[in-house]
1. Which residues, taken from segment B:119-144, are touching a helix residue (DSSP H, G or I) at 6+ places or on another chain (Cβ under 8 Å), within 11 Å of chain A (Cβ to nearest Cβ) and within 20 Å of B:T208 (Cα to Cα)?
2. How many residues does segment B:106-141 contain that are charged (D, E, K, R) and buried (at least 23 other Cβ atoms within 10 Å of the Cβ)?
3. I need a count of the residues in segment B:302-327 that are under 22 Å from B:A188 (Cα atoms) and in contact with a strand residue (DSSP E or B) (Cβ under 7 Å, 6 or more places away or on another chain).
4. When you look at A:R135, is it in contact with a Phe, Trp or Tyr (Cβ under 6 Å, 6 or more places away or on another chain) and away from DNA strand C (no atom under 16 Å from the Cβ), yes or no?
5. Any residue in segment B:54-82 that's facing chain A (nearest Cβ under 7 Å): show its pairings with residues that are more than 16 Å from DNA strand C (Cβ to nearest atom) and among the β-branched types (V, I, T) at Cβ separation under 8 Å, as long as the two are six or more apart or on different chains.
6. Is segment B:309-329 home to any residue that is more than 28 Å from B:L107 (Cβ to Cβ), surrounded by fewer than 24 Cβ atoms within 10 Å (Cβ to Cβ) and within 14 Å of chain A (Cβ to nearest Cβ)?
7. Take the conditions outside any helix (DSSP H, G or I) and either out of contact with any Pro (no Cβ under 9 Å at 6 or more places or on another chain) or more than 14 Å from chain A (Cβ to nearest Cβ) (or both) and apply them to B:H191. Does it pass?
8. Conditions first: (1) within 10 Å of DNA strand C (Cβ to nearest atom); (2) without any contact (Cβ under 8 Å) to a residue 40 or more places away in the chain. B:I18 passes all but one, so which condition is the exception?
Number of protein chains: 2
Amino acid sequence: MAETNTPETAQRHRRATIADVAAAAGVSRSAVSKVFNGNGHISKATTERIRAAAAELGWSPSSSAVALRSARTNAIGLVVYRSRDVIAIPPMSSAVIAGIEAVLSPLDLGLLLYLRDRNQEDELAFYRRLTSSRRVDGMILTDSVVDDRRFEMLEQARMPTVLLGTPAAPIPFRHVDVDPPGAGMDAAVAHLIRHGHIHIAYVGGDETRVAAHIRRQAFDESVAQHDGIVGTVTVTSYSPDEAAQETLRLLRSPDRPTAVVYASDPMAMAGMRAAKLDGFRVPEDVSIVGFDGLPMGEWVEPQLSTVKRDGVMRGRAVAWEILDVLGMAPGERPELHAPELVIRGSTARAPK
Amino acid sequence: MAETNTPETAQRHRRATIADVAAAAGVSRSAVSKVFNGNGHISKATTERIRAAAAELGWSPSSSAVALRSARTNAIGLVVYRSRDVIAIPPMSSAVIAGIEAVLSPLDLGLLLYLRDRNQEDELAFYRRLTSSRRVDGMILTDSVVDDRRFEMLEQARMPTVLLGTPAAPIPFRHVDVDPPGAGMDAAVAHLIRHGHIHIAYVGGDETRVAAHIRRQAFDESVAQHDGIVGTVTVTSYSPDEAAQETLRLLRSPDRPTAVVYASDPMAMAGMRAAKLDGFRVPEDVSIVGFDGLPMGEWVEPQLSTVKRDGVMRGRAVAWEILDVLGMAPGERPELHAPELVIRGSTARAPK
DNA sequence: TTGTAAGCGTTATCAC
DNA sequence: GTGATAACGCTTACAA
């Protein structure tokens, strides 16, 4: 703990600064800086010497000093929400995070991850601290809700921000989503109808979350596009348990649907299990469709038919977008393809 | 873009600094600093005025300036590995991240997340950059491998580090794990033996990863503790697909096991599905045991018996530990409880 | 109890 | 092509 002050000891314990590198290379600090930032013109020979000295001393610019001096932290903030009952990061968000990281890390940009609970009290205070402390150059927000007050706040704080998803109302920032935001649902519904399903149920999630609202709306619209099709919508908190219960309620009712579409794969899997336990064969008696296309859908029997969204790509796209706002986007804007219906074993022709 | 220089405009566009707050409160900059760091003694009245001024101006200390001045970035780095075939963050790691974040965020410490592929070329260069740029005050490493060279490097760079898991050989840092590191496996094996299983197979993961090695070793030892029990071990890359294949190989062999224990839940689920497709009833013909206790194990039929590890708690514990190293740990060291065997539908008495 | 002033390690501007 | 020098916004002795 106690540090002695003899020059040698101090020397050994102090980490190299730009001044040390400059001294070792026999040049000025500016020269070193220029070499490392590709600015001014430094002769080949000097550049070599400087690089060698830096490597020798294991020096690279202090991120704090760079941040202070140039007002760039070289970090992007990401706020992810977890649902109350699942403590961990939702699988889809994991994929998004991976995509974001894949864009940032080659540019040596850091990803500052914030995990929050929905409806947390200090919501705005949290964003206020985040912006006024200037820890990040820009923010990626996810999971917009109805009446989302974050954007207005961030706008006032002049924090460059991009939303992954679609906002409920216009926001003063860009957002990244597939077009239309509910894409994929139509394919699922059409597939079921093509296979003779007349009565299709949708087990959705909490509609204060815009994504849930959009998905349910897409279901309604898809059903409305076909004559003579009955769509039943029920809303849950997004929890697999509730989805299972709703499934039973639906299947036990007199006018039971022959197909159920869920707002997520976990919900679909839990629903499928409940149906099977209740004596319904999947897909002979009831077809099941999930949403997201998580790997786990392949590990159940029957395998889950689902609307597959490319979370990693979504992450890449939103990362590119915030970097573009900051004027440092690499290459071309990644394209976001519409979710793709993956037909597996859990869907089949409607029973007679 | 172009910024005008009229005082008012400049005023409007410049964000407040400590000097502005000091001016607004009619005090010196140091007074403001003292109030926000709880150092010196500032009178109640002055404190009030300063806080009011800061709130008014929406000021809080610039993290870069604080970092530069005090050599504390108030951020912890976390390096997580993804396997090659799964692009996203492994579910168990998600839970760990959530636990870490839960400890850091109340202290207003940032979590810098790095996602890496195993066997990436620039492994050491990556850590070198990370340490020499001093972006973080400390690092949390996961997923130690045999011949892990990261620790020696980080030690030389004098980067405070903690490992989540158990190292293959002594490391110059603390590590956090349950005791013993293979705990939980014995309970699974004992449970199977108690139910009459004589021949138990273990489908493990790539043993360059220490955790996989330890788990397999724990299986061997657990089997060895009981007389007359046959244990068969096979090793895969950790992928569910391979696990499924191995399962078929095992079950189709003449001396087939009556129970299979897997190194992870996804592997177990994929294995269970393969077994069922091959005509084996679970658990009547073969018992299946997973490892980790992920939520998805409850969404399959039969539900997966598994050794449940508390990822969130592991995250909390390792976060506490690195903070302790940095002298800023809050409260008591969290306790890590041994994984718990959760018996569900996929295990039963061995067939006659 | 409060203020003054010297840096923290870098980069940008301007000389030379 | 290269080097002084002045910031960037804050903390902390030390002085008052």
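The values are calculated or read from the model by the stated rules, or taken from the named source; none is laboratory data. No experiment lies behind these values; they were computed from the predicted model shown. Neighbour counts are summed over all protein chains in view; Cβ atoms, including those assigned to glycine, are modelled from backbone coordinates with ideal geometry.
1. Initially, segment B:119-144 is screened for residues touching a helix residue (DSSP H, G or I) at 6+ places or on another chain (Cβ under 8 Å), giving B:120, B:123-124, B:127-128, B:131, B:133-136, B:138-144.
Restricting the remaining residues to those that are within 11 Å of chain A (Cβ to nearest Cβ) gives B:120, B:128, B:131, B:133-136.
B:Q120 - this is the single residue of segment B:119-144 that is touching a helix residue (DSSP H, G or I) at 6+ places or on another chain (Cβ under 8 Å), within 11 Å of chain A (Cβ to nearest Cβ) and within 20 Å of B:T208 (Cα to Cα).
2. From segment B:106-141, those charged (D, E, K, R) are B:108, B:116-118, B:121-123, B:128-129, B:134-135, B:137; that's our starting set.
The next check asks that each one be buried (at least 23 other Cβ atoms within 10 Å of the Cβ); those that pass are B:135.
Number of matching residues: 1.
3. Number satisfying all stated conditions: 7.
4. Values: in contact with a Phe, Trp or Tyr (Cβ under 6 Å, 6 or more places away or on another chain): no; away from DNA strand C (no atom under 16 Å from the Cβ): yes.
Criteria not met by A:R135.
5. From segment B:54-82, the pairs are B:R82/B:I89.
6. Here is the first cut: in segment B:309-329, the residues more than 28 Å from B:L107 (Cβ to Cβ) are none.
Taking every residue of segment B:309-329 in turn, none turns out to be more than 28 Å from B:L107 (Cβ to Cβ), surrounded by fewer than 24 Cβ atoms within 10 Å (Cβ to Cβ) and within 14 Å of chain A (Cβ to nearest Cβ).
7. Working: outside any helix (DSSP H, G or I): no; either out of contact with any Pro (no Cβ under 9 Å at 6 or more places or on another chain) or more than 14 Å from chain A (Cβ to nearest Cβ) (or both): yes.
It is false that B:H191 is outside any helix (DSSP H, G or I) and either out of contact with any Pro (no Cβ under 9 Å at 6 or more places or on another chain) or more than 14 Å from chain A (Cβ to nearest Cβ) (or both).
8. (2)
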